[in-house]
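Quick notes on the structure that follows.
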Amino acid sequence: MGIKKNGLSYADAGVDIDAGNTLVEKIKPLVRSTRRPGADGEIGGFGGLFDLKAAGFSDPILVAANDGVGTKLKVAIEAGKHDTVGIDLVAMCVNDLVVQGAEPLFFLDYFATGRLDPDQGAAIVAGIVEGCRQAGCALIGGETAEMPGMYQGGDYDLAGFAVGAAERGQLLPADDIVEGDVILGLASSGVHSNGFSLVRKIVAASGLDWNAPAPFLPERSLADALLEPTRIYVKPLLEAIGGTHGIKALAHITGGGFPENIPRVLPKGYAAEIDLDQVEVPPVFSWLSHQGGVEAREMLRTFNCGIGMVAVVASGQAAQVAAVLQKAGEHVETLGSIVPHRETGVIYRGALGL
């Protein structure tokens, strides 16, 4: 079969340039709402601009992070709910910046799909914008890629890129972590954005539909409950870092849970001793554990189990740091302390309340 007489167009190949232009016009007012000192430009150029001097920095170190949302996107796609995964995208990046003591400054996104739906794209970007507002960073650019044949059906993927800064000498973790420093845990909003391949397998085995009431939260559908967006800890943590100077290290509890993430910020010769009895486990994790027959140790290395961020704090300032975080809206639990140990890692006491 030959090419038609008048020749092929890009639209014939499945790429709709007009849909892309429509999406850009839809999101311009949303993107404009994320402006902050240092970023006042419009999207549409070949690159986004940021003025560090206008943002108030004198001798900054830049910190960069990138991430995605993982197979949580499959839940959003199958449930037809696209307005919150953008918050997850921002959260996974900016939470990784603040653990190094950096203030997130700007964000860029990458949205790839098989067929561009401007309304769906606008809903996704609206979530990204909301995440940027929560983190106090500007959305200064992004890329939308329509790739028929690469993505099937309504599938799409997201990637995010964030850049922050801290004044020289103020990066975390600090080099003075010692025995007796207190470990504080900040509550998560749910599963966040890790472990969804296991979540989806458990849901499939349960036979539940995404629109069915969540067994652990009957007033919401299963999809809505599981799509609860990742909590963004940036503003409360920046307030606590600057207002108390008592935080020595932070660990974002993502894939790998406690055992993989906490040791990343500890010096050699020390371990984090965690009392699992102090962890308030949300019902979603109990349901996943019981429904899937997932043991406590596997839960701890797959999910956050209710703690989305961990702070290592000077013992004499633990109460002050906790008070600042609680005033900013965080639920804070004292989980344990730093102890000498021949291997850097996590030591568990008590039992996870599943």
- Task: Just name the residue that is least open to solvent (accessible area, probe 1.4 Å) out of those in segment 25-40 that are modelled with pLDDT of 85 or more and among the basic types (Lys, Arg).
- Result: Arg36
- Message: Tell me the residue from Ile241, Ile247 that is surrounded by 23 or more Cβ atoms within 10 Å (Cβ to Cβ) and either within 23 Å of the chain's Cα centre (by Cα) or within 30 Å of Thr144 (Cβ to Cβ) (or both), please.
- Response: Ile247
- Task: Sort out which residues of segment 268-281 are open to solvent by less than 50 Å² (accessible area, probe 1.4 Å), part of a loop (DSSP other than H, G, I, E, B) and touching a strand residue (DSSP E or B) at 6+ places or on another chain (Cβ under 8 Å), and write them in order of number.
- Result: Gly269, Val279
- List every residue pair whose Cβ atoms lie under 7 Å apart, where the two residues are 6 or more positions apart in sequence or sit on different chains, the first residue falls within segment 167-186 and is farther than 23 Å from Cys305 by Cα, and the second residue, located anywhere, is surrounded by fewer than 16 Cβ atoms within 10 Å (Cβ to Cβ) and among the polar types (S, T, N, Q). Glu167/Ser58; Gly180/Ser315
- Query: Between a first residue in segment 84-95 that is outside any helix (DSSP H, G or I) and a second residue that is at pLDDT 95 or above, which pairs have beta carbons less than 8 Å apart while being 6 or more apart in sequence or on different chains?
  - Reply: Thr84/Ala76; Thr84/Gly127; Thr84/Leu227; Thr84/Glu228; Thr84/Pro229
- Unique residue being without any contact (Cβ under 8 Å) to a residue 60 or more places away in the chain and not basic (Lys, Arg) when the list is Phe106, Phe111: Phe111
- Query: Counting just the residues of segment 159-191 that are out of contact with any Ser or Thr (no Cβ under 7 Å at 6 or more places or on another chain) and over 23 Å from Lys235 (Cβ atoms), which one comes out surrounded by the fewest Cβ atoms within 10 Å (Cβ to Cβ)?
  - Reply: Asp175
- Give segment 63-80 a look and list any residue that's open to solvent by 20 Å² or more (accessible area, probe 1.4 Å) and more than 20 Å from Ile232 (Cα to Cα), or say none. Lys74, Ile77, Glu78, Ala79, Gly80
- Extreme residue, nearest to Leu354 (Cα to Cα), among residues of segment 303-336 that are among the β-branched types (Val, Ile, Thr) and crowded, with 19+ Cβ neighbours inside 10 Å: Ile307
- Message: I'm checking my understanding of the structure. Among residues of segment 108-146 that are out of contact with any strand residue (DSSP E or B) (no Cβ under 6 Å at 6 or more places or on another chain) and of a type in the set (S, T, N, Q), which one is farthest from Leu52 (Cα to Cα)?
- Response: Gln120
- Could you tell me whether any residue of segment 133-152 is surrounded by fewer than 18 Cβ atoms within 10 Å (Cβ to Cβ), in a helix (DSSP H, G or I) and among the small types (Gly, Ala, Ser)? no
- Message: For the condition closer than 26 Å to Gly164 by Cα, among the polar types (S, T, N, Q) and open to solvent by 10 Å² or more (accessible area, probe 1.4 Å), what is the one hit in Gln100, Gln120?
- Response: Gln100
- Task: Confirm whether Arg200 is over 30 Å from Pro173 (Cα atoms), over 18 Å from the mean Cα position of the chain (by Cα) and part of a strand (DSSP E or B).
- Result: no
- Message: Among the numbered criteria (1) of a type in the set (Asp, Glu); (2) over 19 Å from Gly190 (Cβ atoms); (3) surrounded by 19 or more Cβ atoms within 10 Å (Cβ to Cβ), which one does Glu260 miss?
- Response: (3)
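The values are calculated or read from the model by the stated rules, or taken from the named source; none is laboratory data. This structure is a prediction, so every number in the text was calculated from the model and none was measured. Counting neighbours? That spans all protein chains shown, and the Cβs are built from the backbone with ideal geometry, glycine included. These area figures cover heavy atoms from the full protein model, side chains too; ligands, DNA and RNA do not enter into them. Shrake-Rupley method; radii C 1.70, N 1.55, O 1.52, S 1.80 Å.
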